[in-house]
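> Pasting a structure below so you can have a look.
Values in this text are rule-based calculations from the coordinates and carry no lab data. Keep in mind it's a predicted model, so treat the numbers as computed, not measured. All Cβ positions, glycine included, derive from the backbone under ideal geometry; neighbour counts span all protein chains shown.
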Amino acid sequence: MCGIVGAIGERNVTDVLIEGLRRLEYRGYDSAGLAVVDQGAVVRERQPGKVQALADAAHAADVHGRLGIAHTRWATHGAPTQCNAHPHMSGDIAVVHNGIIENYESLRERLQGEGYVFTSQTDTEVVAHLIQSELKQGGDYFQAVRRAVAQLHGAFALGIVRACEPDRLLAVRQGSPLVVGLGIGENFISSDQLALLPVTNRFIYLEEGDFIELARNRVSIWNAAGEPVRRPAVELDATLHASSKGGYKHYMLKEIYEQPAAVQRTLNGRISDGRVAVDAFGPQAAELLAKARHIQILACGTSYHAGYVAKYWFEAIAGVSCHVEVASEFRYRTTVLPADTLIVTISQSGETADTLAALREVKARALGALCICNVPTSTLVRESDLAFITHAGPEIGVASTKAFTTQLVALMLLVLATGRRQGTLSAERERDIVQQLGTLPALLDGVLALDKDIERIAEEFGEKHHTLFLGRGAQYPVAMEGALKLKEISYIHAEAYPAGELKHGPLALVDNDMPVVAVAPKNDLIDKLKSNLQEVRARAGVLYVFADHAADVRPEAGIKVFPMPSVADEVAPIVYTVPLQLLSYHVAVIKGTDVDQPRNLAKSVTVE
């Protein structure tokens, strides 16, 4: 969620730090700060609000140095104020931190008893004072930091500098992402390689518990046991990580329009002769998919909705029992896994803290673990037995769009591969669904043509405070995703229900001031859905229906119909997602919210 950048080199690193923070803005934050070592002192600047405010302050003060750390903060402990912004200091020590220190209260009480004065409400400040306390016990700076870190409980990534150690940048990765960037006569750390692409394309991906010391011409790494280790360096093609808006007003709109191409990338190389290439999921996939008797999907947010759609697919197409659960709930309850359960985790970033923790909790009890992810170098990919990379490309907007549709495509491929390996899916049906998947890019292009019509009706939501979304069958989680998008970026309260549940309570909310959005493909449930829509009209509710033109949902007073292309029921959830994304986007623009960086939210949720 927060972002760390650190640098050591022969040049002034202030601009490198600030540019790195700019590239991490998409993750979500509410304050920013930096600290550099200059002539034996730590010079610090911190500002609430945007990175630009920090840049202005740093340049006005002519901050410069060859060693520094910087941070964007998403508030957990304490309000988004200047005193709570990172870096935090104790004497000549400065620290930046992502994650949460769970035992900070007891540490704070102990340190206050030692005479340390706290100037913030954060959990991070205890780290700086704890290091300073350990230094007073004697010994080397490096060992003092190791002793301090050993006392911390929780998930964290740390960057640490000291005024009298201008040639050393220390860092720790424990439960929160951190990478090392390798340069020539300079080295870097960051929460995300994207921040460092202007200065390097060579990276080391750290493991849990790694402790790192960076010098200008050296990177030293120790593992959780304190043993020196070598981690491989990976060279990336920076052109594959381009993140410009490309002429669009917002990243979110750009990413909505990228979906036809993103879906095609997800399919490329994964289909051959009308069949799914099972080995696209990894060398053990054929064996594990044949043995799996139950699928347990773990995910959060948008990825959870993708998994919820897949539950319908696994059981209807592959004939395999499937359960989907929010990872943050699964990890904290007593769970019973059926024999031969395959764990499937889903995450755009591969760094979602709750999903990673849930995987670690259950992996040893499962048949195996497969992840669907957009980032091949992520922790989730490294810790799973099998991995399927969606190739959606960088997604900068906090509200996920192309990550969701590519996850759905990946999940359908997994369903087909599982059905074939289990012998429950005929070759004929597999070919039929594969053919439907192949038409998706063209179908999505057709749906994007509705953009102007959707933009016009978005005006009608501008003054609304609540919206209901309805769907049936596999379209119910699509309605859930539509509601999430609207609330995320427009701040309109939105809820989704299976349409058949209206009469069990939600119908009490319906009146002429409550927009009701429905997705209505032509399938076996369409007549029942149309009856549910009439229940809304009878209570003066205003309906916005995205309907297959063959479904015979007719526009009339209080019912606005948007004709959708005819599409096979199996892939309809992917197609019907797109108009709901466009609706949310245009409503947010009308309301004047920050579309790409909505308040209080972060792109990569690396804390609980």
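> Using the Cα centre as the reference, give the magnitude of the dipole from point charges on the C-beta atoms of the stretch 445-598 (Lys, Arg: +1; Asp, Glu: -1; all else neutral), rounded to the nearest 20 debye. Mind dumping the intermediate values first?
On the way: 15 positive and 23 negative charges, 76 e Å.
Computed about the Cα centre, the dipole is about 360 debye.
> Amide H of C371 versus every other amide H placed in the peptide plane: which residues, excluding those fewer than 5 positions away on the same chain, fall under 5 Å?
Those qualifying (amide H under 5 Å, at least 5 residues apart or on another chain) are T345, L386, A387, F388.
> While we're looking at this one, here's another question. How much net charge surrounds R231 when only the other residues with a Cβ under 9 Å from the Cβ of R231 are counted, with Lys and Arg +1 and Asp and Glu -1?
Working: positive: R230; negative: E207, D210.
So the environment of R231 carries a net charge of -1.
> Rank S584, L448, L533 by how far each Cα sits towards the positive end of the charge dipole of the stretch 445-598 (+1 on Lys, Arg Cβ; -1 on Asp, Glu Cβ) and give me just the farthest.
The listed residue farthest towards the positive side: L533.
> What is the Rg over Rh value, at two decimals, for the stretch 213-293, using alpha-carbon atoms and the Kirkwood definition of Rh? Let's see the in-between values first.
On the way: Rg = 20.8 Å, Rh = 18.0 Å.
Radius of gyration relative to Kirkwood radius: 1.15.
> Specify which residue in the list A41, V145, P232 is farthest towards the positive end of the charge dipole of the stretch 3-235, using unit charges on the beta carbon of Lys, Arg (+1) and Asp, Glu (-1), about the Cα centre.
Positive-most Cα among the choices belongs to P232.
> Give the lysines whose C-alpha is closer than 23 Å to that of K136, dropping any in the same chain fewer than 8 places away, or say none.
Within the straight-line cut-off, K136 pairs with nothing.
> Ok, one more. So for the stretch 248-425, taking the charge dipole from beta-carbon charges (+1 Lys/Arg, -1 Asp/Glu), which of A339, Y304, A403 sits furthest toward the positive end?
My answer, from the dipole projection, is A339.
> Of H59, H71, H250, how do they rank once you tally other Cβ atoms within 10 Å and put the fewest first?
Working: H59 14, H71 31, H250 20.
Final ranking by Cβ density, sparse to dense: H59, H250, H71.
> May I pose another question? Once every DSSP H run of n ≥ 4 in the chain is given -39500 (n - 2.57) and the sum is divided by its residues, what mean residue ellipticity at 222 nm do you get, rounded to the nearest 500 deg cm²/dmol? Show your work: numbers first, answer last.
Numbers: 19 runs with 206 residues, N = 608.
Helix contribution divided over all residues of the chain: -10000 deg cm²/dmol.
> For the chain, what is the charge dipole size about the Cα centre, in debye to the nearest 20, if Lys and Arg each add +1 at the Cβ and Asp and Glu each add -1 at the Cβ?
Working: 59 positive and 71 negative charges, 84 e Å.
My answer is approximately 400 debye.
> If you don't mind, another one. Counting Lys and Arg as +1 and Asp and Glu as -1, what is the net charge of the other residues whose Cβ lies under 10 Å from the Cβ of E10? Write out the running numbers ahead of the final one.
Numbers: positive: R11, R66, R216; negative: E186.
Charge balance near E10 sits at +2.
> Further, regarding this structure: List M564, M89 from most exposed to least, where exposure is judged by having the fewest other Cβ atoms within 10 Å. Please list the in-between numbers first.
Details: M564 26, M89 19.
Ordered from fewest to most neighbouring Cβ atoms within 10 Å, M564, M89 come out as M89, M564.
> Please compute the length gained on full extension between A150 and H504, using 0.36 nm multiplied by the number of residues separating them and subtracting their Cα-Cα distance.
On the way: separation 354, 0.36 × 354 = 127.44 nm, distance 5.29 nm.
Extra length from A150 to H504 when fully extended: 122.2 nm.
> Using the Cα centre as the reference, give the magnitude of the dipole from point charges on the C-beta atoms of the stretch 249-402 (Lys, Arg: +1; Asp, Glu: -1; all else neutral), rounded to the nearest 20 debye.
Charge dipole, the stretch 249-402, about its Cα centre: 60 debye, nearest 20.
> Could you tell me how many degrees, from 0 to 90 and to the nearest 10, lie between the Cα long axis of helix 301-313 and the main elongation axis, the longest principal axis, of the Cα atoms of the chain?
Compared with the principal axis, the helix lies near 40 degrees.
> Between the stretch 63-101 and the stretch 107-175, what's the alpha-carbon centroid distance in Å?
Value for the Cα centre distance between the two parts: 12 Å.
> Determine, for K464, K528, K363, the number of other Cβ atoms within 10 Å of each Cβ, and report the residues in order from fewest to most. Please report the intermediate quantities before stating the final value.
On the way: K464 18, K528 12, K363 15.
Ranked by crowding around the Cβ, least crowded first: K528, K363, K464.
> If I compute P(r) over Cα pairs in 10 Å bins from 0, in percent from the structure I just sent, which labelled value in (i) 3, 12, 17, 16, 16, 14, 11, 6, 3, 1, 0, 0; (ii) 3, 15, 21, 19, 17, 14, 7, 2, 0; (iii) 3, 17, 25, 24, 17, 10, 4, 0, 0 lines up?
Correct label is (iii).
> Please tell me which of these pairs span more than 25 angstrom C-alpha to C-alpha: K452/K528; K311/K402; K528/K560; K464/K522? Spell out each step's value before the answer.
Values: K452/K528 30 Å; K311/K402 20 Å; K528/K560 19 Å; K464/K522 29 Å.
Flagged as over cut-off: K452/K528; K464/K522.
> Just for the chain, what percent of DSSP beta bridges are antiparallel, to the closest 5? Let's see the in-between values first.
Numbers: 65 of 108 bridges.
Of all bridge pairs located within the chain, approximately 60 percent are antiparallel.
> Now a separate question. Just how far, in whole angstrom, is the stretch 185-231 from the stretch 341-414 if you go by their alpha carbon centroids?
24
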